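Peer 1: Pasting a structure here, questions to come.
The values are calculated or read from the model by the stated rules, or taken from the named source; none is laboratory data. Owing to the predicted nature of the structure, the values given are computational and were not obtained by experimental measurement. Here the Cβ positions follow ideal geometry from the backbone for every residue, glycine too, while neighbour counts run over all protein chains shown.
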Amino acid sequence: MQLAPGSWRLATPVFVAAVPLTLLFAPLGVLTVALGVAVLWFHRDPPRPAGDGVVAPAEGTVSVIREEDDRLRVGIYMSALSVHVNRSPLPGTVRRVDHVPGANKPAFSKESDRNERVRLESDDWTLVLIAGWFARRIHPYVGTGEAIGRGDRIAHISFGSRADVLMPADVTRGDLTVDLDDEVQAGETIARR
């Protein structure tokens, strides 16, 4: 199983703690090992072939579709069971990567628009990675000036969140192949042109 970068750094202390806990009270040690396995499973990074058009940047549930400054925003809520490696919705060159501090409200709530986030701006689209109430670690893999392809791995968010795509100006609601509450996989097509 392929894992997001830094996964072992998060899981190793849990596994180390499991050793003395197992010696003190075996059931607690077993639970701690299970927690370490859950941390690794949460950071899994399965292969995803990219579709055509604009592809979903994350696995999860479509939670936002709205017009914003003459562009369409599509947001995908990632639950604790989702893969949290984020992918590029379109090819392009990274123009800016900005970390924006903020609150840590649940990623599925309307208030999450004010949460801590990372904005990745490309030629004609923007990806906004939003931390949830427990997720406070957004790890971009790309920097300014880098060329990226459709479906390339560009970031991961540890422990829950949301990924929003501000679509290119020519994408309309009629171009979407998804609706609110639809389940999507990272790399699947969400808009065709």
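Peer 1: Working carefully through the options 32, 61, find the one that is of a type in the set (S, T, N, Q) and within 16 Å of residue 13 (Cβ to Cβ). Step through it out loud before you land on a result.
Peer 2: Details: 61 fails: within 16 Å of residue 13 (Cβ to Cβ).
Sole residue among the options that is of a type in the set (S, T, N, Q) and within 16 Å of residue 13 (Cβ to Cβ): 32.
Peer 1: Oh, and also: In the stretch 62-106, which residue that is modelled with pLDDT under 95 and among the hydroxyl-bearing types (Ser, Thr, Tyr) is surrounded by the most Cβ atoms within 10 Å (Cβ to Cβ)?
Peer 2: Ranking the qualifying residues of the stretch 62-106, first place goes to 77.
Peer 1: Which pairs have Cβ atoms under 8 Å, sit 6 or more apart or on different chains, and link a residue in the stretch 110-124 that is at pLDDT 90 or above to one that is acidic (Asp, Glu)?
Peer 2: Qualifying pairs under 8 Å: 118/98; 119/98; 121/98.
Peer 1: Give the stretch 145-185 a look and list any residue that's closer than 16 Å to residue 130 by Cα and either touching a His at 6+ places or on another chain (Cβ under 6 Å) or buried (at least 20 other Cβ atoms within 10 Å of the Cβ) (or both), or say none.
Peer 2: Step one: of the stretch 145-185, the residues closer than 16 Å to residue 130 by Cα are 154-166.
Listed by number, the residues that qualify are 154, 155, 156, 157, 158, 160, 161, 162, 163, 164, 165, 166.
Peer 1: Sticking with this structure for a sec: Can you pull out every residue in the stretch 22-60 that is basic (Lys, Arg) and at pLDDT 90 or above?
Peer 2: Our first condition is that a residue be basic (Lys, Arg); within the stretch 22-60, this holds for 44, 48.
Matches in the stretch 22-60: 44 only.
Peer 1: Another one. For a quick check of your reading of the model, give me the residue pairs whose first member lies in the stretch 14-34 and is without any contact (Cβ under 8 Å) to a residue 40 or more places away in the chain, whose second is in a helix (DSSP H, G or I) and of a type in the set (Phe, Trp, Tyr), with beta-carbon atoms closer than 9 Å and at least 6 apart or on different chains.
Peer 2: 32/15; 33/15
Peer 1: So, one more: Just name the residue that is modelled with the highest pLDDT out of those in the stretch 151-193 that are basic (Lys, Arg) and touching a Gly at 6+ places or on another chain (Cβ under 8 Å).
Peer 2: As a first pass, look at the stretch 151-193 and keep what is basic (Lys, Arg): 153, 162, 173, 192-193.
Now drop any that are not touching a Gly at 6+ places or on another chain (Cβ under 8 Å), which leaves 162, 192-193.
Numbers: 162: 90, 192: 73, 193: 56.
Checked the stretch 151-193; the qualifying residue modelled with the highest pLDDT is 162.
Peer 1: Would you call residue 147 closer than 12 Å to residue 84 by Cα and touching a residue at least 24 places away in the same chain (Cβ under 8 Å)? It would help to see each step written out before you state the result.
Peer 2: Working: closer than 12 Å to residue 84 by Cα: no; touching a residue at least 24 places away in the same chain (Cβ under 8 Å): yes.
Considered against the rule, which asks whether it is closer than 12 Å to residue 84 by Cα and touching a residue at least 24 places away in the same chain (Cβ under 8 Å), residue 147 comes out as no.
Peer 1: Given the condition farther than 23 Å from residue 179 by Cα, at pLDDT below 90 and touching a helix residue (DSSP H, G or I) at 6+ places or on another chain (Cβ under 8 Å), answer yes or no: does some residue in the stretch 12-21 qualify?
Peer 2: If we filter the stretch 12-21 for residues that are farther than 23 Å from residue 179 by Cα, which is where we start, we get 12-21.
If we keep only those that are at pLDDT below 90 as well, we get none.
Checked against the condition, which is being farther than 23 Å from residue 179 by Cα, at pLDDT below 90 and touching a helix residue (DSSP H, G or I) at 6+ places or on another chain (Cβ under 8 Å), the stretch 12-21 yields no hits at all.
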